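Heads up, the thing below is written out as structure tokens.
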Amino acid sequence: MKLATLKRGRRDGTLVVVSRDLTLCQTVAEIATTLQQALDDWDAKAPQLVAVYEALNHGAARHAEPFDPKACHSPLPRAYQWADGSAYVNHIELVRKARNAEMPPELWTDPLMYQGGSDSFVGPRDPIWAGDEAWGIDFEAEVAVVSGDVAMGATVAQCENQIRLLMLVNDVSLRNLIPGELAKGFGFLQSKPATAFSPVAVTPDELGDAWRDGKVHLPLAVALNDQPFGKPDAGIDMIFNFAQLMAHLAKTRELEAGSIVGSGTVSNKQGGLFGSSVANGGVGYCCIAEVRMYETIEAGKPTTPFMRFGDKVRIEMFDGSGASIFGAIDQNVERYATS
């Protein structure tokens, strides 16, 4: 099943069911007006939503309309929780290597995670707003899950049973603001602006055999200014799967339905520690920072700039037949003008 939220009505938008080929959608106010409402009563609402989904896919929907990703908010315009992991340890290792810092061995056994702002997500076609190019504007392409209710201390198996939906993520980072914040010892805040998610959230069964072991085994396609930038496989080198990330988060707290847990930047070793760009025959990268770290290690300094006003990033995932699964995150960087 595929679900989206249109920018209609109040700030939480209007829930729609979307056809598998992303061409049609249907509002379902008689079932749930918002995605959060559906998640709060998932066992009762999901079968009803599936019935609408099947009707859409078989041309039997009574009130279908064209689906326009540009009209979408993120599937959850705001959420009770957004926690982002760093399950691809290659990403951490590369960044630390560039500054000659040892990687703590516990990162291979204990997930790294931060609590992100979840009160104001932006839509998949909304701008990346920034006040200054000097902030070091970077994208981070990821995968995320949306949970049902998870009890404190839940096991990995229990967490896997509560994975309701999957989405793509652009977890924007302002790289030049990060060092000062981390030096304070309290983590990210100003360096993590509003996050965008894919137009569509999908149930795990939509991925077929690509969903296994709590991971998505498909390439994540990233283009920067319409040029291929990365296509690493999200199932490769993911040290902690989504159920393990959820269990880590739930160790000392409950997760409420609608909590979002991210994978962290997708990153493949590509046969070696640092990988290679798409232009050089590799699978590339899911953020600019990794390229800059590679350049620093190889040449002593980075040469690839962070994003500038007017730059564009596109993040998308395709199935085995080449069809888009989640729709695309497609964002331009724009200057935010305060009134």
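The values are calculated or read from the model by the stated rules, or taken from the named source; none is laboratory data. Given the structure is predicted, the values throughout are model-derived calculations rather than measurements. Counting neighbours? That spans all protein chains shown, and the Cβs are built from the backbone with ideal geometry, glycine included. Accessible surface is based on the protein model in full, side chains and every heavy atom, while ligands, DNA and RNA are left aside. Shrake-Rupley method; radii C 1.70, N 1.55, O 1.52, S 1.80 Å.
Data overview
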{"read-out": "Wholly within segment 1-109, helices (runs of 4 or more DSSP H) carrying at least 1 residues that are modelled with pLDDT of 95 or more and surrounded by fewer than 21 Cβ atoms within 10 Å (Cβ to Cβ)", "value": "35-40, 42-57"}
{"read-out": "Every residue from segment 156-186 that is touching a residue at least 12 places away in the same chain (Cβ under 8 Å), open to solvent by 10 Å² or more (accessible area, probe 1.4 Å), of a type in the set (D, E, K, R) and out of contact with any Phe, Trp or Tyr (no Cβ under 7 Å at 6 or more places or on another chain)", "value": "Glu160"}
{"read-out": "Hits in segment 324-339 (condition: out of contact with any helix residue (DSSP H, G or I) (no Cβ under 9 Å at 6 or more places or on another chain), within 27 Å of Val18 (Cβ to Cβ) and among the small types (Gly, Ala, Ser))", "value": "Ser324"}
{"read-out": "The listed residue being in contact with an Asp or Glu (Cβ under 8 Å, 6 or more places away or on another chain) and open to solvent by less than 60 Å² (accessible area, probe 1.4 Å), out of Gly327, Gly284", "value": "Gly327"}
{"read-out": "Selection count where residues are under 26 Å from Met167 (Cα atoms) and open to solvent by 30 Å² or more (accessible area, probe 1.4 Å), scope segment 287-307", "value": "1"}
{"read-out": "Any pair with Cβ under 8 angstrom, 6 or more apart, that starts in segment 189-203 at a residue that is surrounded by fewer than 24 Cβ atoms within 10 Å (Cβ to Cβ) and ends at one that is among the small types (Gly, Ala, Ser) and part of a strand (DSSP E or B)", "value": "Ser191/Ser173; Lys192/Ser173; Pro193/Ala130"}
{"read-out": "Options Gly187, Gly208, Gly235: the member that is assigned to a loop (DSSP other than H, G, I, E, B) and on the phi > 0 side of the Ramachandran plot", "value": "Gly187"}
{"read-out": "Residue within segment 255-271 that is at pLDDT 95 or above and open to solvent by 50 Å² or more (accessible area, probe 1.4 Å) present", "value": "yes"}
{"read-out": "Test: Ala194 is assigned to a loop (DSSP other than H, G, I, E, B) and over 20 Å from the mean Cα position of the chain (by Cα)", "value": "no"}
{"read-out": "Residues within segment 130-155 that are among the aromatic types (Phe, Trp, Tyr), open to solvent by 60 Å² or more (accessible area, probe 1.4 Å) and in a loop (DSSP other than H, G, I, E, B), tallied", "value": "0"}
{"read-out": "Members of segment 233-250 that are farther than 19 Å from Arg164 by Cα and crowded, with 19+ Cβ neighbours inside 10 Å", "value": "Met238"}
{"read-out": "Qualifying residues in segment 204-243 (those that are of a type in the set (S, T, N, Q) and touching a residue at least 24 places away in the same chain (Cβ under 8 Å)) - the one farthest from Val313 (Cα to Cα)", "value": "Asn241"}
{"read-out": "Filter result (outside any loop (DSSP other than H, G, I, E, B), surrounded by 19 or more Cβ atoms within 10 Å (Cβ to Cβ) and of a type in the set (D, E, K, R)) within segment 212-232", "value": "Lys215"}
